[in-house]
Amino acid sequence: KQEVTQIPAALSVPEGENLVLNCSFTDSAIYNLQWFRQDPGKGLTSLLLIQSSQREQTSGRLNASLDKSSGRSTLYIAASQPGDSATYLCAVRSSSNTGKLIFGQGTTLQVKP
Amino acid sequence: DTEVTQTPKHLVMGMTNKKSLKCEQHMGHRAMYWYKQKAKKPPELMFVYSYEKLSINESVPSRFSPECPNSSLLNLHLHALQPEDSALYLCASSQAASGQQETQYFGPGTRLLVL
């Protein structure tokens, strides 16, 4: 059974700092991995999707990497801003046919001005 | 346009009530999903519809009844719910349920409180 873990559960950094969020999964036979952002009480916003054949994806100040063999993904946020404060969730899709996502518990990020 | 809309935003219902949650997308997506999210927990999949047919039911109690009237709409009918069913209900859609590039797009959710 696929399990997804995110460390740390919470992170507080000063504005401008670069930071890394971690995601690990137990079964390396994944189809893709998606990073989401969730603001309190809101829905999820898709940030990046990495296919199983890819090593990384970039969007603006965000860079996500994937190492399937070690069961790890990282989300790198450059030059953090207070507006980046949110919960970041990684989700793994293990099956090609169902679309089912298995989520980690999330990392709650606070960027202080 | 990558918008998924959900109504209502908030819903309070008693355990004997019947209510429905609605989800709509106009992106031409053929896969739609219902997730349940409890406070401070990640979303958990409930149902998947692919080409308007139910393809996954994650052993959800029968008091939750999904319906996909057409490719743009997804409903979740609620009946005889329990207080522990109080949660944020999220709808999502993607081009298809299969395919490596299938990003799931989420709606803002309906916050449900069962009294």
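The numbers here are math on the coordinates, done by the rules we state, and not lab data. Owing to the predicted nature of the structure, the values given are computational and were not obtained by experimental measurement. Every residue, glycine among them, receives a Cβ derived from its backbone with ideal geometry; neighbour counts consider all protein chains shown.
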Please compute the Kirkwood hydrodynamic radius of the stretch B:54-105 from all pairs of different C-alpha atoms, in Å with one decimal.
13.1 Å
Determine, from the Cβ-Cβ distance of B:Asn57 and A:Val13 and an R0 of 45 Å, the FRET efficiency 1/(1 + (r/R0)^6), rounded to the nearest 0.05.
0.60
Around B:Arg111 (Cβ within 11 Å, Cβ-to-Cβ, excluding B:Arg111; K/R +1, D/E -1) the net charge comes to +2
For the stretch A:33-45, what does the Karplus curve 6.51 cos²θ - 1.76 cosθ + 1.60, with θ = phi - 60°, yield as ³J(HN,Hα) per residue in whole Hz, taken in order and with x for Gly and Pro?
9, 10, 9, 10, 10, 9, 7, x, x, 10, x, 9, 10
Applying the Karplus parametrisation 6.51 cos²θ - 1.76 cosθ + 1.60 with θ = phi - 60° to the phi angles of the stretch B:38-46, what ³J(HN,Hα) value in whole Hz is obtained for each residue in order, glycine and proline being reported as x?
7, 4, 6, 10, x, x, 10, 5, 10
Could you work out Rg/(2.2 N^0.38 Å) for chain B, with Rg from alpha carbons only?
1.00
Stokes-Einstein D for chain A, Kirkwood Rh over Cα pairs, 4 °C, 1.567 mPa s (µm²/s)
92 µm²/s
Can you list the aspartates and glutamates whose alpha carbon sits under 18 Å from that of B:Lys40, skipping same-chain ones fewer than 8 residues off?
A:Glu3, A:Asp39, B:Glu84, B:Asp85
Amide H to amide H, which residues 5 or more places from A:Gln110 or on other chains are under 5 Å from it, using H placed in the peptide plane?
A:Leu11, A:Ser12, A:Val13
Give the relative contact order (percent, whole number) for chain A; include only Cα pairs under 8 Å separated by 6+ residues.
37 percent
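Defining a contact as two alpha carbons under 8 Å apart and six or more residues distant in sequence, what relative contact order in percent does chain B show?
In percent, rounded to a whole number, it is 37.
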Debye-sum result for the protein assembly as shown in log10 I(q)/I(0), which assumes one identical scatterer on each alpha carbon, at q = 0.13 Å⁻¹:
-0.76
Label point at A:Lys42 placed 7 Å out along Cα→Cβ; residues across the stretch A:58-98 whose backbone nitrogen lies under 15 Å
A:81-89
